[in-house]
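The values are calculated or read from the model by the stated rules, or taken from the named source; none is laboratory data. Just so you know, these numbers come straight off a predicted model, no measurement behind them. A quick note on method: Cβ atoms are made from the backbone with ideal geometry, for glycine too, and the neighbour counts reach across all protein chains shown. We work out accessible area using only protein heavy atoms, side chains counted, and drop any ligands, DNA or RNA first. Shrake-Rupley method; radii C 1.70, N 1.55, O 1.52, S 1.80 Å.
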Amino acid sequence: MAGTTAEYIQHHLTNLTFGQLPDGSWGFAGSAEEAASMGFWSINVDSMGWAIGLGLVFAFLFRKAAKNATAGVPGGLQNGVEMLVEFIEETTNSIFQHKNDLIAPLALTIFVWVFLMNLMDLVPVDWIPKFAELIGIPYMKIVPTTDPNITMAMALTVFVLIIYYSIKCKGGIGFLKELCFHPFPPIMAPINFILEGVTLIAKPLSLGLRLFGNLYAGEMIFILIALMFGAGAVYFLFGGVLQWVWAVFHVLIITLQAFIFAVLTIVYLAQAHDVEEH
Amino acid sequence: MNITATLIGQSLTFVVFVWFCMKYIWPPLVTMMRERQEAIAAGLRASEEADKKLADAASGAEAELAKAKDEAAAIIEQARNRANQMVEEAKDDARQEGERLIEAARAEIDQEMNRAKEALRAQVSSLVISGAEQVLEGSVDASKHEDMLNRLAAEL
């Protein structure tokens, strides 16, 4: 293990960032400080790479199943895919009562993709970063959902959809009315607007930050457990047991978080479609 | 941990994957699953129908069998009656025929007997006459004793 404990942790929490270096040239940041100095116009190459890669895994597997799909006796892959599709379809139908062909595929994509990204958390924390270091890549965060950029990007995309469908279903005026005339009588419109506005803004924030927070905390605990491996035989054993226990527990968390993200997306979009009478 | 253009990149990626899923993954899978549901439902319906048909056929066959049994029993009964009747008739015929034969035989026997009696009577009367003639050589006047001879012949 190179450097101090703090450096070790810091290393694990730094993204591989591509952007404009302080000297004006473009390249990968050599440290967390350098990455921070790049400002908004930089990109977390590792997060994006893993996210796209895992998204492609999802797209490829499901496309393969969809292509070979037969109404006859299904094979192994088709069974698994069908199970997920049916699960998402049932969930969507129970929450979302309107007609919209986007919602169910959106929920499926979110559920499977977020699950796959979360799943990377179960890969022992040092394997891939160490390997990357050996081939000359300084930083490598393999769990995209521990990067707030990734989770917030998805949450904001859902937010855009919420606004879009709200205006589409209720009209611009109707949407404004909903924000202003509720929950108090119309005379208190400004207060209503502030309250409803906060509620609205809270949706993408809670959606993105919940996923980020859970996964970030989980990753942090894996890193802290990994620290124990270098502290003697007893700690090594204890750490091994802890890692196993936390990993088992984490299987639940990553599935649950993926499911929560998908279900809340459906719920928010269902609310956007509901034309309420006041 | 900084908010960067990754946000934009991930948003675009997200949109692309959702679009792909909506266009190429969801519809074929759901369509196929509906088809399978239909096929299974149709299969179940068909098997139910077949079951019903089978039950119908079984009860029909049972009824047919019972009918056939009844018919057979009736035919056997009829045949037995007819056989009994025939036997009775044959017996009657045989009895009548026997009686007739016996009657005929008896009549023939009577006839035969009478004929024999006649013949014997004639022979005896001639024997008696010749015997008496020999015994009474010349003394017997045929005309004188004709009465007695005739009585004798009648007695024989």
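Which residue out of A:ALA247, A:ALA226, A:ALA189 is surrounded by 13 or more Cβ atoms within 10 Å (Cβ to Cβ), assigned to a helix (DSSP H, G or I), free of Cβ contacts under 8 Å to residues at least 12 places away in the same chain and over 13 Å from the mean Cα position of the chain (by Cα)?
A:ALA189
Being in a helix (DSSP H, G or I) and either open to solvent by 20 Å² or more (accessible area, probe 1.4 Å) or within 20 Å of B:LEU29 (Cα to Cα) (or both) is the requirement here; does A:ALA107 meet it?
yes
Take B:ASP110 and decide whether it is acidic (Asp, Glu), open to solvent by less than 90 Å² (accessible area, probe 1.4 Å) and assigned to a helix (DSSP H, G or I).
yes
Identify, by number, the condition in (1) more than 10 Å from chain B (Cβ to nearest Cβ); (2) buried (at least 16 other Cβ atoms within 10 Å of the Cβ); (3) aromatic (Phe, Trp, Tyr) that A:TRP26 doesn't meet.
(2)
Condition test on B:ARG45, is it within 9 Å of chain A (Cβ to nearest Cβ), basic (Lys, Arg) and open to solvent by 40 Å² or more (accessible area, probe 1.4 Å)? Don't jump to the end; show me each part of the working.
Working: within 9 Å of chain A (Cβ to nearest Cβ): no; basic (Lys, Arg): yes; open to solvent by 40 Å² or more (accessible area, probe 1.4 Å): yes.
For B:ARG45, the condition - within 9 Å of chain A (Cβ to nearest Cβ), basic (Lys, Arg) and open to solvent by 40 Å² or more (accessible area, probe 1.4 Å) - is not met.
Return only the number of the condition from (1) part of a loop (DSSP other than H, G, I, E, B); (2) aliphatic (A, V, I, L, M); (3) within 13 Å of the chain's Cα centre (by Cα) that A:ILE137 does not satisfy.
If we test A:ILE137 against (1) part of a loop (DSSP other than H, G, I, E, B); (2) aliphatic (A, V, I, L, M); (3) within 13 Å of the chain's Cα centre (by Cα), just (3) comes out false.
All but one of (1) out of contact with any Asp or Glu (no Cβ under 6 Å at 6 or more places or on another chain); (2) open to solvent by 20 Å² or more (accessible area, probe 1.4 Å); (3) more than 15 Å from A:LEU207 (Cα to Cα); (4) not small (Gly, Ala, Ser) hold for A:PRO129; state the number of the condition that does not hold.
Here A:PRO129 meets the rest and fails (2).
Given the residues B:GLU77, B:GLU71, B:GLU155, which is the only one that is open to solvent by 90 Å² or more (accessible area, probe 1.4 Å) and within 29 Å of the chain's Cα centre (by Cα)?
B:GLU71
Give the residues of segment A:82-135 that are hydroxyl-bearing (Ser, Thr, Tyr) and more than 9 Å from chain B (Cβ to nearest Cβ), sorted by residue number.
Residues satisfying the conditions are A:THR91, A:THR92, A:SER94.
Examine segment A:117-132 for a residue that is in contact (Cβ under 8 Å) with a residue 12 or more places away in the chain and among the basic types (Lys, Arg), and state whether such a residue exists.
Taking every residue of segment A:117-132 in turn, none turns out to be in contact (Cβ under 8 Å) with a residue 12 or more places away in the chain and among the basic types (Lys, Arg).
When you scan segment B:24-31, do you find a residue that is within 14 Å of chain A (Cβ to nearest Cβ), out of contact with any strand residue (DSSP E or B) (no Cβ under 6 Å at 6 or more places or on another chain) and open to solvent by 60 Å² or more (accessible area, probe 1.4 Å), even just one?
Yes - at least one qualifying residue is present in segment B:24-31.
On the basis of being part of a helix (DSSP H, G or I) and open to solvent by less than 50 Å² (accessible area, probe 1.4 Å), does A:LEU207 make the cut?
Yes: the conditions hold for A:LEU207.
If you check B:ALA39, B:ALA55, which single one turns out to be open to solvent by less than 70 Å² (accessible area, probe 1.4 Å) and away from chain A (no Cβ under 14 Å)?
After ruling out the rest, the residue left standing is B:ALA55.
If the requirement is being facing another protein chain (nearest Cβ under 10 Å), open to solvent by 30 Å² or more (accessible area, probe 1.4 Å) and more than 13 Å from A:PRO138 (Cβ to Cβ), which of these qualifies: A:PHE18, A:PHE40?
Checking each option against the conditions leaves just A:PHE40.
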